[in-house]
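Undergrad: Starting off with a structure, shown below.
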Amino acid sequence: MKTCPNCYKDLPDDAEFCTYCGKPLSESKIKERKNEKVKLKKNTRKNNWAMLGLSLLLFGLVVFDFVLPTIIDAFGGNTVFPFYISLIMYIISIICGCLSLYIDRKDKKAGYEPNGNKSYAYVCIFVSLFIALVNLTQVILK
Ligand SMILES: [Zn+2]
């Protein structure tokens, strides 16, 4: 037998909630209840850094990695130059992704719901990093 700490009624040993007053009895259940109560406040500040980073990533990939090199190549020019521009765009995209995650974390700590897009932020960081490294090896090999 155990006793409810709230209403002092006798309860079976395996009870997780008091059948009389409904209060949770085990530590983990009490914590669970507390966590549910911590609701995040509405966040009015916008966090579009991940979107910006993703746009830069796509723009850099299409324009400076495919379209421009193809045109320059057709005229017999040096295609390394657009690769450097796209490299800079990828680095900015990575920074945007990190910034988005950082702002989200700061908002959450302050009790606001995060407004950034987490999956976009991860795409910015990892896809940009990957393509940037592929580009770098291309530039080095040339
Ligand atoms: Zn009770």
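The values are calculated or read from the model by the stated rules, or taken from the named source; none is laboratory data. It should be emphasised that the depicted structure is a prediction, and the values quoted were computed from it without experimental measurement. Positions of Cβ are generated from backbone atoms using ideal geometry, with glycine treated the same way; all protein chains shown enter the neighbour counts.
Undergrad: Looking only at the range 40-86, how many residues end up being on the phi > 0 side of the Ramachandran plot and in contact with a helix residue (DSSP H, G or I) (Cβ under 9 Å, 6 or more places away or on another chain)?
TA: So in the range 40-86, the residues on the phi > 0 side of the Ramachandran plot come out as 76.
Imposing the further condition that a residue be in contact with a helix residue (DSSP H, G or I) (Cβ under 9 Å, 6 or more places away or on another chain) reduces the set to none.
Final tally of qualifying residues: 0.
Undergrad: Determine, yes or no, whether GLY116 is in contact with an Asp or Glu (Cβ under 8 Å, 6 or more places away or on another chain), surrounded by 12 or more Cβ atoms within 10 Å (Cβ to Cβ) and not aliphatic (A, V, I, L, M). Reasoning before the result, please.
TA: Working: in contact with an Asp or Glu (Cβ under 8 Å, 6 or more places away or on another chain): yes; surrounded by 12 or more Cβ atoms within 10 Å (Cβ to Cβ): yes; not aliphatic (A, V, I, L, M): yes.
So GLY116 passes the test.
Undergrad: Answer yes or no as to whether LEU129 is out of contact with any Gly (no Cβ under 7 Å at 6 or more places or on another chain) and either closer than 16 Å to LEU56 by Cα or charged (D, E, K, R) (or both). Let's see the steps before the verdict.
TA: On the way: out of contact with any Gly (no Cβ under 7 Å at 6 or more places or on another chain): yes; either closer than 16 Å to LEU56 by Cα or charged (D, E, K, R) (or both): yes.
In short, yes.
Undergrad: So which residues in the range 104-113 are surrounded by fewer than 20 Cβ atoms within 10 Å (Cβ to Cβ) and not basic (Lys, Arg), if there are any at all? Spell out how you get there, then give the answer.
TA: Within the range 104-113, the first condition is being surrounded by fewer than 20 Cβ atoms within 10 Å (Cβ to Cβ), and the residues that meet it are 105-113.
Those that are surrounded by fewer than 20 Cβ atoms within 10 Å (Cβ to Cβ) and not basic (Lys, Arg): ASP107, ALA110, GLY111, TYR112, GLU113.
Yes/no matrix, rows are residues, columns are (1) part of a helix (DSSP H, G or I); (2) within 10 Å of the chain's Cα centre (by Cα); (3) more than 19 Å from ASN47 (Cβ to Cβ); (4) assigned by TED's automatic domain parsing to the domain that holds THR79:
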site	(1), (2), (3), (4)
ILE95	yes, no, no, yes
LYS106	yes, no, no, yes
TYR122	yes, yes, no, yes
LEU129	yes, no, yes, yes
LEU133	yes, no, yes, yes
THR137	yes, no, yes, yes
